[in-house]
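Asker: Dumping the structure here so I can ask a few things about it.
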């Protein structure tokens with residue numbers, strides 16, 4: 001089963017096609033691919049996400065599905081709906097031959113435990129892929145190693161800019177043979193499709209250079225560095241994982257942003273978190289998250305020292321369905337749309353907090 005995006009015919013110009021890349025690929029896939037893939041093309045390309053959920057669940061719950069492909073956050077919604085409709089507890093009761101999930105688009109780490117609770121089969125595997133609108137960049141090739149193998153023979157010339165120099169007037173870009181291990185880089189690509197020195201917006205860290213393997217650490221625009229703390233998504237998700245382990249929690253979605261100094265308080269980070277499973281104590285969850293960020297990020301630790309620059313972070317519990325409702329308001333349900341994890345300003349989180357006070 002392949003969960004893709006949709007066309008948006010209302011945006012189309014004469015003789016042009018507008019939509020998510022995944023939808024355009026499905027539209028143009030060969031007969032054999034469409035014979036082996038579900039759901040039906042008509043359902044796959046539906047623009048209304050909520051109707052699409054129902055159609056996919058109804059069409060696939062009685063099929064023999066062996067593998068899944070899609071964005072973890074959106075596919076989880078489909079899986080839960082299928083279990084509701086069938087009355088089953090686990091997904092292998094619905095699809096006994098299920099054995100692999102090819103995932104990408106967002107980090108799988110916040111969703112891993114939820115998937116493991118819904119899929120108990122010991123033959124189930126999870127494979128991360130790095131496939132963007134601009135190109136196919138990486139695939140996990142070892143179940144025991146979360147790093148992905150860099151795709152170097154797909155018509156893409158790579159350059160890498162050290163993250164700390166992004167935003168400077170003339171940042172140096174390094175070729176593949178010049179990169180250092182365990183250092184954050186922004187990716188710049190030139191492709192046979194016509195992109196020229198294009199920064200795709202993701203940051204990576206190489207873990208090996210024989211062969212070249214890497215992990216995604218964040219986005220060049222999704223970070224918090226309002227006070228010099230340089231907090232990346234990779235840091236955030238490691239912190240959340242520790243906080244969940246310590247308090248029995250499961251995170252469904254989250255977004256964080258800085259709170260700037262005002263007459264009432266010093267600066268701090270504010271986290272808006274929707275839990276699939278509430279922590280034993282929200283206060284303990286916040287403390288463990290804060291302490292873990294200090295352990296893994298020396299810049300954050302320095303700013304938190306003695307609460308001089310940054311106060312302890314604040315966790316606000318989001319109501320159920322908040323992030324779904326926020327994306328719906330933006331017209332961005334399903335497909336390749338994602339919740340902004342970290343922001344260096346308060347534009348998104350102010351909208352979310354306001355919506356959090358409204359009943360669904």
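Asker: Considering each residue of segment 197-230, count those that are in contact with a strand residue (DSSP E or B) (Cβ under 6 Å, 6 or more places away or on another chain), on the phi > 0 side of the Ramachandran plot and part of a loop (DSSP other than H, G, I, E, B), and give that number.
Answerer: Here the count works out to 1.
Asker: I've got another one for you. Taking the conditions exactly as written (part of a loop (DSSP other than H, G, I, E, B), touching a helix residue (DSSP H, G or I) at 6+ places or on another chain (Cβ under 8 Å) and under 30 Å from residue 239 (Cβ atoms)), does residue 38 satisfy them or not?
Answerer: no
The rows are residues; the columns are (1) more than 15 Å from residue 95 (Cβ to Cβ); (2) crowded, with 17+ Cβ neighbours inside 10 Å; (3) touching a strand residue (DSSP E or B) at 6+ places or on another chain (Cβ under 6 Å).
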residue	(1), (2), (3)
34	yes, no, no
45	yes, yes, yes
48	yes, no, no
57	no, yes, no
60	no, yes, no
69	no, yes, yes
78	no, yes, no
82	no, yes, no
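Asker: I've got another one for you. As an exercise: evaluate residue 163 against (1) assigned by TED's automatic domain parsing to the domain that holds residue 210; (2) surrounded by fewer than 17 Cβ atoms within 10 Å (Cβ to Cβ) and give the number of the one condition it does not meet.
Answerer: (2)
Asker: While we're looking at this one, here's another question. Answer with yes or no whether residue 238 is at pLDDT below 90 and at negative phi.
Answerer: No; evaluated as a whole, the condition is false for this residue.
Asker: Could you list, in sequence order, all residues of segment 130-144 that are surrounded by fewer than 16 Cβ atoms within 10 Å (Cβ to Cβ) and part of a strand (DSSP E or B)?
Answerer: Of everything in segment 130-144, those that are surrounded by fewer than 16 Cβ atoms within 10 Å (Cβ to Cβ) and part of a strand (DSSP E or B) turn out to be 136, 141, 142.
Asker: Restricting to segment 85-111, name every residue that is part of a helix (DSSP H, G or I) and farther than 19 Å from residue 336 by Cα.
Answerer: Residues satisfying the conditions are 85, 86, 91, 92, 93, 94.
Asker: Which is under 15 Å from residue 64 (Cβ atoms) and touching a residue at least 24 places away in the same chain (Cβ under 8 Å), of 94, 127?
Answerer: 94
Asker: Look at residue 194 and say whether it is closer than 30 Å to residue 153 by Cα, in a loop (DSSP other than H, G, I, E, B) and without any contact (Cβ under 8 Å) to a residue 24 or more places away in the chain.
Answerer: For residue 194, the condition - closer than 30 Å to residue 153 by Cα, in a loop (DSSP other than H, G, I, E, B) and without any contact (Cβ under 8 Å) to a residue 24 or more places away in the chain - is met.
The values are calculated or read from the model by the stated rules, or taken from the named source; none is laboratory data. The structure presented is a predicted model; accordingly, all values stated were derived computationally and were not measured. All Cβ positions, glycine included, derive from the backbone under ideal geometry; neighbour counts span all protein chains shown.
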